[in-house]
Amino acid sequence: MAYDYDPQNIFAKILRGEIPNKTVYENDHALAFEDIQPAAPVHVLVIPKGPYVCYDHFAQEASDAEIIGFTRAIGEVCRITGVQPSEGGLGFRVIANTGQAGVQEVPHLHVHILGGRVLGRMVAPA
Ligand code: AMP
């Protein structure tokens, strides 16, 4: 079954400039902005500018240029926020919640970049 993108989702509205955001970084294919409810000292969302519901949708249908632009944006956010271990940062976690099991709230692909503190285990044991 194909993905059905909802153009009224909140991140689509951010991309159209209908809702403000605290931009951290932007390129031709991606926008990065601060999460409105930060779960860590660094909590930035990176979204592609194209209409993709989730990561597997993007991985299957985005162009090479979009995938490169999105991935480079993640790297730039890590650089800007200073979380890179290679530069003395503490490290970080990248999360892409997807669908019901992943508890995805906003149906536009986004990765969370979390850092600035030790984040604990990846997933709580069942
Ligand atoms: P999820 O879809 O569960 O991966 O998470 C959606 C994330 O979007 C949450 O961490 C929210 O705090 C965040 N969020 C929702 N609305 C906004 C907004 N207007 N600006 C920034 N972040 C938002």
TODO: Write down the Kirkwood hydrodynamic radius of the chain, to one decimal in angstroms, obtained as one divided by the mean of 1/r over all alpha carbon pairs.
DONE: 15.1
- [ ] Just subtract the alpha-carbon distance of ALA101 and ILE36 from 0.36 nm times their residue separation and send over the number in nm, one decimal.
- [x] 21.2 nm
Open item on the list: Placing +1 on the Cβ of each Lys and Arg and -1 on the Cβ of each Asp and Glu in the chain, which of PHE58, VAL83, TYR3 has its Cα farthest towards the positive end of the resulting dipole?
Closed with: VAL83
TODO: Round to the nearest 0.05 the FRET efficiency obtained for GLN60 and ARG16 when R0 = 35 Å and r is the Cβ-Cβ distance.
DONE: 0.90
Task: Within the stretch 37-69, backbone nitrogen closer than 16 Å to the virtual label 7 Å beyond the Cα of GLU26 toward Cβ - done: 45-50
Task: Computed over the stretch 53-119, the ratio Rg/Rh where both radii use C-alpha atoms and Rh is Kirkwood - done: 1.02
Task: Accessible area (Å², per residue) of the stretch 1-93, counting only protein heavy atoms and a probe of 1.4 Å - done: 59
Task: Compactness of the stretch 1-47, expressed as Rg and Dmax over alpha-carbon positions, Å - done: 12.1, 38
Task: Protection proxy ranking of 7-16, 85-94, 104-113 - average other beta-carbon atoms within 10 Å, highest first - done: 104-113, 7-16, 85-94
- [ ] Can you tell me the 0 to 90 degree angle between the C-alpha axis of helix 64-81 and the longest principal axis of the chain, rounded to 10?
- [x] 30
Open item on the list: Quick check for me: using +1 on Lys/Arg Cβ and -1 on Asp/Glu Cβ, what's the dipole size of the stretch 10-115 about its Cα centre, in debye to the nearest 20?
Closed with: 200
TODO: Keeping the other protein chains in place, figure out the carbon and sulfur percent of the accessible area of the chain, with a 1.4 Å probe.
DONE: 54
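The values are calculated or read from the model by the stated rules, or taken from the named source; none is laboratory data. These numbers were taken from a predicted model, which means no experiment stands behind them. In this analysis, Cβ positions are derived from the backbone assuming ideal geometry, glycine residues included, and neighbour counts consider all displayed protein chains. Keep in mind that these areas ignore ligands, DNA and RNA; they rest on the heavy atoms of the full protein, side chains included. Shrake-Rupley method; radii C 1.70, N 1.55, O 1.52, S 1.80 Å.
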